[in-house]
Structures are given as C-alpha cells and as structure tokens.
Amino acid sequence: MGYAPSPAWSPVEAAIEAFLVADATARMQRYIDFLRIPSVSALPERAADCRAAAEWLAAELRRIGAARVEVSETGGHPIVVGERIEDPTLPTIVVYGHYDVQPGEPLDLWKTSPFEPTIRDGRILGRGSADDKGQIVIHLNALEALLATRGRLPVNVKYLFEGEEESSSVHLEAWMKANPERCTGDAVIISDTGFFEGNLPAITVGLRGITYLQVDLVGSYLDLHSGAFGGSIVNPANALAKMIAGLHDADGRVTVPGFYDDVIPLGPADRAAFAALPFDEAAYLAAIGPASVAVGEAGYSTVERRGGRPTLDVNGIWGGFMGEGSKTIIPAHAHAKISCRLVPGQDPVKIGALVEAALRAAVPAGLSIEVTQLGDGHPFITPLGEPYLEAATKALRDTFGGEPLFLREGGSIPIAALFQQELGLPVVLLGFTPPDDNAHAPNESMDLANFEGGIRAVVRAFDAVAAMRDPRR
Ligand code: BES
Ligand code: ZN
C-alpha cells in the first residue's frame, strides 16, 4: 500500500532499500495512525489530542531505538525529545519538526475527512500529511532504516518535536532556555518547508518573521436598532473597516509609522536570485482561482513580495449580524485578527507595538479599543555557503536529481531564528512537501514520491554531514 519505487527519487544502499520495501505497508499504517490524531494546537478542546500525538511520537522513538525519550512539559502542549548519541566525537544534528496541525475546518470542502487519512492517486490526504507530521514520519523512518540495517547512525541526532508551532510557539523559547542541552549540537535540520512550484527540489534559505494581534472595538452595551440610532452614533464595524483600510496606501505600502525603518532592503544579489526562480506567475494565480490578479507593494515582483518584503494582512474580521437574511442593527462591537509578515532587520515585538499604536491613534471618539498581542516570531536567513547547507543540497541533488533551488519563503517558523540567534547554531531547512500540498487548507496532502524520497534524502544528509571535513567549527 502506498509504496512504489519512483523515478522521482534515487535509491540508497541496497540493504536500506530492502528494509524499506519490506516495511512499506507498516510505514504507511504508522503515518496514517499519526494523522488520525487531531492535534490542533489552537483549539483548547484538542489539548488531550495534542498530548496523545506527543505520546504517540515518544512511543515511536522508543520503539525505534532512541534514548532519553521524554514528553517534556512546557506550560502548553508538550515537547517530545529523544536522541541517539553514537559517539561523542561525531557531529550532532538537532532535528526539529512540529506535531501540531491547523484546524480541519471548513470540513465541507474536504474530499475526505481531515482526520481520516486516505491514499489516492499517489498522495496521502489528511490534515498534517505535509505540515508537518509527514515530515516527522520521514525522519522516524530514516532513523529506523539506518538502525535496522547499519545498527547505528553516521552522526549523533537529537530529536525535538514541538506541539505549538501553528500557534506561534508561545512556550518554546522559555523551554529551550530551561533545557539547553536538548537543543544544542553542531547544526539543526528543520523539516517544515517544501519544494518549489512544479515540485522542483528546493531548500528554503529565508523565512519571514511574524507578529499577530487581535483588535476589539466596542461602541455600546448591546446591539442597537439601526433605524433608531443609525447616523447619530459611531458604528464600530464601519470604524474598524476604515481603520483597516487606512493601514495601506495606494501603492500597497503599509502606512504604520516606522514599519519599514529597520527593513534590510533587497540587494542586487537578492533580487537576481528572486528573478532567476523558474516562477510561472500565470500558473501560480490560476491555481488560486480563475479571477486572481497579482497585487502588492509597488516596485516588487510577486516572488519578492512573497518572500522578501513585509506585509500586513487581516486574517479574520467579524462583528454584528452574520446570520442568514437581514437584521437591522448597529453592532455593539467589531473585531479583527491582523498579522504582519516581517523580513530581516524587523523586530516582531517592535512592529507589534507600532501597529497597535497606529490602530489606537486611528480610533474615532466614542469607541473603546482593546489590542491583544497573540504571538510573534523572528525572520530568518541561512547564509549561502554554509557547509551544512551544502550537505543538505548534496542529499537533495543525489536523491531527486537536478540542482536544488534556494528559496526565500513567505511563511514563518519561529524556532529557526531562536536556534540561530539564541544558540548560535547553523540551521538548514530541509523540507520535502510538494508546493500544491494545500497546507492550512482543505484537502492537505503529501505526494508519496516526495515522502519516500524524503526518507532517502535524510539518510543521505546524515551521511553527507558525517563526511564533512570540519563539522565542528
Ligand atoms: N510549515 C509552515 C511554514 C512555512 C510555510 C514555511 C510556507 C515556508 C512556506 C509552518 O507550519 C507554518 O505554517 N507556520 C506558521 C507560523 C505562525 C503561526 C507563527 C505560519 O507561517 O503561518
Ligand atoms: Zn509547518
């Protein structure tokens, strides 16, 4: 079930291939078992499921042969750790993934239920199949294949799987500071990114940071009759719409004072790298919907706007009557969830405060405002020429063929900058998801050729690190 040798990837050594062939059905069943657990970190009612996913992972690590496996408390959803220290003189790789997932909703748009994984047309469908449970399973399978065939790993590995990545990793930084020994090594591999459009092998070398806030505007104790009151008082929904509209100018730039002050501008080499990507804008837009057009900050290409420039977006906006038909009211309150994606140079806490100040300054008299900061993460760049990046590049090249692309992506992974800035470790984003994986959306899926190739690429990446001339710098 699910396993097919594919021209999309090259086999590794015969013993490992033989193991993986024999293990194919069991491997897919474990993948399915993991996806069945609805570990949605954002929903309080799913806390027990998050813990169940953590316990499942810990049991897997123990079964496969990792040592010092623990489900470690954070104050939120637990972190799972485990390790194989083969020989203290070998380089140590920290492997990171997240077992939490986005909510399944809207359920009616799924072809199959999000937590009842299904294999169809060479893909496995289900929430977390790509982001990020599938990529954790890739690592577990690489570990198992190596131990089953060689009896040991070519490097030392420490696993760190968290359960709050999709909710801004709020407890992670404090946990890392309290458990430094679990997070340190010679380099970090984060498997939570993917390939480029056309399913071209790629390594992400840049991530945007993020700051996220909620705005609550209140005008009255209760909803009011819009005939009796309309036109004579401030309507919080009207006001919120106007405040949000004022956050961008006609050139698509964010108007928040100071927003761009610390942005490191894209240099000629950055712009050349974006321009060199084999990006098919028409296909990118067509995949979104028939009427999509490219818009954004003036003076930048679509790939630059997405990967290299900061943004401000409303993620949700609500208030007043949202049922069927009409109801004539002035809403008592109105709300929005707003996030900014940030680029190198920008500090998420500072930008959060600037956006909050701009919103407070824009509230009309007669309304009260509350702003809640919901989380943040720093932007991240892997320097080109980083030796561990070269090892990962070789692993992808040898597994999937061709020269991997280097991408600056628009998404965020808060831990990447923590490893780099707080612990001073080189970080490589070695991810395998297909670009059309529908992450965070209905019908999330993983291409099984990427999944199988991913297992081989992790084996190769460990071997490539072991072969590095100077892994301890
Ligand atoms: N896997 C994504 C990050 C990602 C997305 C990297 C697209 C590259 C391209 C990750 O799980 C994710 O979605 N992160 C959140 C983080 C946020 C909640 C702090 C994101 O980017 O929205
Ligand atoms: Zn993810």
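The values are calculated or read from the model by the stated rules, or taken from the named source; none is laboratory data. Small disclaimer: the values here were computed from a predicted structure and weren't measured. All Cβ positions, glycine included, derive from the backbone under ideal geometry; neighbour counts span all protein chains shown. Areas reflect the complete protein model, heavy atoms only, side chains present, ligands, DNA and RNA absent. Shrake-Rupley method; radii C 1.70, N 1.55, O 1.52, S 1.80 Å.
Separation of segment 336-391 and segment 229-278, taken as the distance between their Cα centroids, equals 12 angstrom. Rolling a 1.4 angstrom probe over segment 298-431 with all protein chains present gives an accessible area of which 54% lies on carbon and sulfur atoms.
Other residues whose C-beta falls under 13 angstrom from the C-beta of A457 contribute a net charge of +1, scoring Lys and Arg +1 and Asp and Glu -1. When both segment 93-146 and segment 161-175 are represented by their alpha-carbon centers, they are found 19 Å apart.
Comparing the chain with the 2.2 N^0.38 Å rule of thumb, its C-alpha radius of gyration ratio is 1.03 (two decimals). Per residue, the chain reaches -10000 deg cm²/dmol at 222 nm when only DSSP H runs of four or more residues are counted, each adding -39500 (n - 2.57). Here the chain is treated with +1 on each Lys and Arg Cβ and -1 on each Asp and Glu Cβ, and its dipole about the Cα centre works out to around 260 debye.
Listed by chain and number, the lysines placed with their C-alpha closer than 30 angstrom to that of K111 are K133, K337; residues fewer than eight positions away on the same chain are left out.
Taking GluC sites (Glu not before Pro) across segment 278-335, the ones in a DSSP loop with at most 13 further Cβ atoms lying within 10 angstrom of their Cβ are E324.
When the surface is traced with a 1.4 Å probe over the full set of protein chains, H225 keeps roughly 110 Å² accessible.
Take K177: with every protein chain present and a 1.4 Å probe, its accessible area is about 120 Å². The angle separating the long axis of helix 133-150 from the principal Cα axis of greatest extent in the chain is about 10 degrees.
Computed over protein heavy atoms with a 1.4 Å probe, the carbon and sulfur contribution to the accessible area of segment 57-123 reaches 50%.
List the chymotrypsin sites (Phe, Trp or Tyr not before Pro) within segment 181-257 that fall in a DSSP loop (any state other than H, G, I, E or B) and whose Cβ has at most 13 other Cβ atoms within 10 Å. For chymotrypsin sites (Phe, Trp or Tyr not before Pro) across segment 181-257 that sit outside H, G, I, E and B with at most 13 neighbouring Cβ atoms in 10 Å, the list reads Y221.
Across all directions, the average projected area of the convex hull around the alpha carbons of segment 196-275 is 10.2 nm². Here's the picture: charge each Lys and Arg Cβ at +1 and each Asp and Glu Cβ at -1 in the chain, and of P471, V69, W56 the one pushed furthest to the positive end of that dipole is P471.
Any idea what angle helix 236-245 forms with the longest principal axis of the chain, computed on alpha-carbon atoms, 0 to 90 degrees, nearest 10? Helix 236-245 sits at roughly 60 degrees to that axis.
A probe of 1.4 angstrom, applied to the heavy atoms of all protein chains, finds V94 with accessible area near 0 square angstrom.
Taking Cα atoms only, the orientation of helix 387-400 departs from the longest principal axis of the chain by about 80 degrees. Taking packing as the residue-averaged number of other Cβ atoms within 10 angstrom, the listed peptides 100-108, 142-150, 31-39 run from highest to lowest as 31-39, 142-150, 100-108.
Averaged per residue, the chain has 41 square angstrom of accessible surface, using a 1.4 angstrom probe with ligands and nucleic acids left out.
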